[in-house]
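J.: I'd like to ask some things about the structure below.
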Amino acid sequence: MAEMKPQVYKDPRPAEYFTQFHDAARKGVGWTYNLVRAILTIPTILIYRVRAIGLGNVPREGPLVLAPNHFSQMDHFFVAVYLRRKVRFMAKSQLFGPPVLTYVYKHGGVFPVRRGHHDEEAFRTVHHLLDQGEMLLVYAEGSRSGELGQPKPGIGRIALESGVPIVPVVIHGSAGVRSWKRLRFPKVTIEFGKPVAYAVEDAPSRDRQLAVATEIFGRVRAMYEGRATRNGVRAGRRSPDRDRA
């Protein structure tokens, strides 16, 4: 199986560089989102045979946050492919730089979070979008991993400060996406859990944020383990040959 590239955990670029992306995200999503969706939907469904379970658990309107596990760079496409609502993505700042991709991100609803920094601007964008009734995707683990990892406090902070529904999401099979060069394409299942919401708390402590994040990701983990058991794969294990929906 192809190995993951080493993760870069601190972006050296100044915060001012990313202001343009936050400004663009707060203005809304342009035609770029629909174009990218149109180009990628059919290949995503046909190649990875993506199926979705529990779509009825995703509210059709109003602010909410999708909280999936994260094994592959394709995960955001997998999650969004069957959702009629536009998904706004929080992405690591290191993705912003290459001209074409940066254009897509800037005009396609993606906003950065500066990894390795205390990035309050990212949370201001989060709350701005939620106030507009948008649907966000925030990876509970904060970064890609080869197996189920540990949640970061960010998703807990968002849940407590906003009070919006958080939908736990399982992406099963996407660890095998990195073997595409061998022409091996795993079958991917997306499962949306029941939303959970928390009473709004002013300035929740980091421990409280982490406790809520752990609870949310505990739901993801339980769903993943159930899906893995049904598919005959040990939960959390990277096994593209056996990841079957």
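J.: So the check is Cβ under 8 Å with 6+ separation or different chains; which pairs have a first residue in the range 168-182 that's farther than 23 Å from F192 by Cα and open to solvent by less than 10 Å² (accessible area, probe 1.4 Å) and a second one that's modelled with pLDDT under 65 and not hydrophobic (A, V, I, L, M, F, W, C)?
T.: S179/P240
J.: Which fully enclosed strands (runs of 3 or more DSSP E) of the range 28-99 have 3 or more residues being among the hydrophobic types (A, V, I, L, M, F, W, C)?
T.: Filter on the range 28-99 gives 64-68, 87-92.
J.: I need the full set of residues from the range 36-46 which are over 14 Å from V87 (Cβ atoms), surrounded by fewer than 15 Cβ atoms within 10 Å (Cβ to Cβ) and hydrophobic (A, V, I, L, M, F, W, C), in order please.
T.: Listed by number, the residues that qualify are A38, I39, I42, L46.
J.: Another question, if that's okay. Scan the range 1-15 for residues that are open to solvent by 80 Å² or more (accessible area, probe 1.4 Å) and modelled with pLDDT of 75 or more and jot them down.
T.: Result: K10, P12.
J.: So F217 passes all but one of these: (1) aromatic (F, W, Y); (2) within 30 Å of K27 (Cα to Cα); (3) crowded, with 22+ Cβ neighbours inside 10 Å. Which condition number does it fail?
T.: Against the list (1) aromatic (F, W, Y); (2) within 30 Å of K27 (Cα to Cα); (3) crowded, with 22+ Cβ neighbours inside 10 Å, F217 comes up short only on (2).
J.: Considering the range 53-87 alone, what residues qualify as being under 19 Å from A222 (Cα atoms), surrounded by fewer than 20 Cβ atoms within 10 Å (Cβ to Cβ) and in contact with a Leu (Cβ under 8 Å, 6 or more places away or on another chain)?
T.: Selection gives L55 alone.
J.: Something else now. Across the range 203-214, what is the number of residues that are in contact (Cβ under 8 Å) with a residue 12 or more places away in the chain and either open to solvent by 80 Å² or more (accessible area, probe 1.4 Å) or part of a loop (DSSP other than H, G, I, E, B) (or both)?
T.: Residues that pass the stated criteria total 3.
J.: Can you tell me how many residues in the range 26-35 are buried (at least 17 other Cβ atoms within 10 Å of the Cβ) and not aromatic (F, W, Y)?
T.: Count: 1.
J.: Residues in the range 16-25 that are farther than 16 Å from P98 by Cα and surrounded by 15 or more Cβ atoms within 10 Å (Cβ to Cβ): how many?
T.: Counting residues in the range 16-25 that are farther than 16 Å from P98 by Cα and surrounded by 15 or more Cβ atoms within 10 Å (Cβ to Cβ) gives 3.
Quick grid of which residues meet (1) of a type outside the set (V, I, T); (2) under 25 Å from K152 (Cβ atoms); (3) out of contact with any strand residue (DSSP E or B) (no Cβ under 7 Å at 6 or more places or on another chain); (4) free of Cβ contacts under 8 Å to residues at least 24 places away in the same chain:
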position	(1), (2), (3), (4)
Y9	yes, yes, yes, no
F18	yes, yes, no, no
H22	yes, yes, no, no
A25	yes, yes, no, no
T32	no, no, yes, no
L35	yes, no, yes, yes
L40	yes, no, yes, no
L83	yes, yes, yes, no
F89	yes, yes, no, no
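The values are calculated or read from the model by the stated rules, or taken from the named source; none is laboratory data. Fair warning: this is a prediction, and the values are worked out from it, not measured in the lab. We place every Cβ from the backbone using ideal geometry, glycine too, and count neighbours over all the protein chains shown. Accessible surface areas use protein heavy atoms only, side chains included; no ligands, DNA or RNA. Shrake-Rupley method; radii C 1.70, N 1.55, O 1.52, S 1.80 Å.
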